[in-house]
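Visitor: Provided herewith is a single structure, encoded as structure tokens, for subsequent inquiry.
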Amino acid sequence: MSDPRYDCQACGACCVNPPENEAEGFRTWVEVAPGEPLLRRRDLVKKLCVVEADGPDRGAVHLRLDASGRCLALRGALGRRVACSIYARRPAPCRRVQAGAPDCRRYRAALGLANP
Ligand code: SF4
Ligand code: SF4
């Protein structure tokens, strides 16, 4: 259950590769698992996804990030006003994050956003 004190449309922190993930060398964040509806839209896959070329995750699909680690599907200004441009097709990990949950609070803190 999401905490109503949190406004996701004024946040977007979970749409950014967290510093701890980055520190471990991971340049990808949200996985798009086989069977996700997003994968049926080849135009969006081409624009917004990357396929791991090698390593243990070879063949895995992730959402593409910009140089700052932000998901390319995210529109707007972090911490102010944001929207997901593929909201109806966002993959499962995006749907799992609960506003106000420990992960959410950590992602927000990493971006310098206050937690209620
Ligand atoms: S980090 Fe939390 S408040 Fe921010 S968009 Fe994600 S779930 Fe919503
Ligand atoms: S697909 Fe949408 S909800 Fe998921 S990380 Fe990207 S912008 Fe955020």
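The values are calculated or read from the model by the stated rules, or taken from the named source; none is laboratory data. Note that this is a predicted model, so its numbers are computed, not measured. Cβ coordinates were reconstructed from backbone atoms using ideal geometry, including for glycine residues, and neighbour counts include every protein chain displayed. The accessibility values were calculated without ligands, DNA or RNA, using every heavy atom of the protein model including side chains. Shrake-Rupley method; radii C 1.70, N 1.55, O 1.52, S 1.80 Å.
Quick grid of which residues meet (1) away from ligand 1 (no atom under 14 Å from the Cβ); (2) open to solvent by less than 70 Å² (accessible area, probe 1.4 Å):
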{"position": "34", "(1), (2)": "yes, no"}
{"position": "81", "(1), (2)": "no, no"}
{"position": "85", "(1), (2)": "yes, yes"}
{"position": "105", "(1), (2)": "no, no"}
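Visitor: Still on this structure, please answer the following. How many of the residues in the range 45-75 are under 14 Å from the mean Cα position of the chain (by Cα), open to solvent by less than 80 Å² (accessible area, probe 1.4 Å) and in contact (Cβ under 8 Å) with a residue 24 or more places away in the chain?
Guide: So the answer is 11.
Visitor: Something else about it: Please list, ordered by residue number, the helices (runs of 4 or more DSSP H) wholly in the range 1-99 having 1 or more residues that are in contact with an Asp or Glu (Cβ under 7 Å, 6 or more places away or on another chain), of a type in the set (A, V, I, L, M, F, W, C) and under 20 Å from residue 114 (Cβ atoms). Walk me through it before giving the result.
Guide: Working: elements: 19-23, 42-48, 92-96.
Because the criterion is at least 1 residues that are in contact with an Asp or Glu (Cβ under 7 Å, 6 or more places away or on another chain), of a type in the set (A, V, I, L, M, F, W, C) and under 20 Å from residue 114 (Cβ atoms), no helices (runs of 4 or more DSSP H) in the range 1-99 meet it.
Visitor: Go through 22, 31 for me and flag whichever is charged (D, E, K, R) and modelled with pLDDT of 95 or more.
Guide: Result: 31 is the single residue among 22, 31 that is charged (D, E, K, R) and modelled with pLDDT of 95 or more.
Visitor: Let me confirm something: among 97, 61, which residue is away from ligand 1 (no atom under 11 Å from the Cβ) and at pLDDT 95 or above? Talk me through it step by step, then tell me what you get.
Guide: On the way: 97 fails: away from ligand 1 (no atom under 11 Å from the Cβ).
Just a single option satisfies the conditions, and that option is 61.
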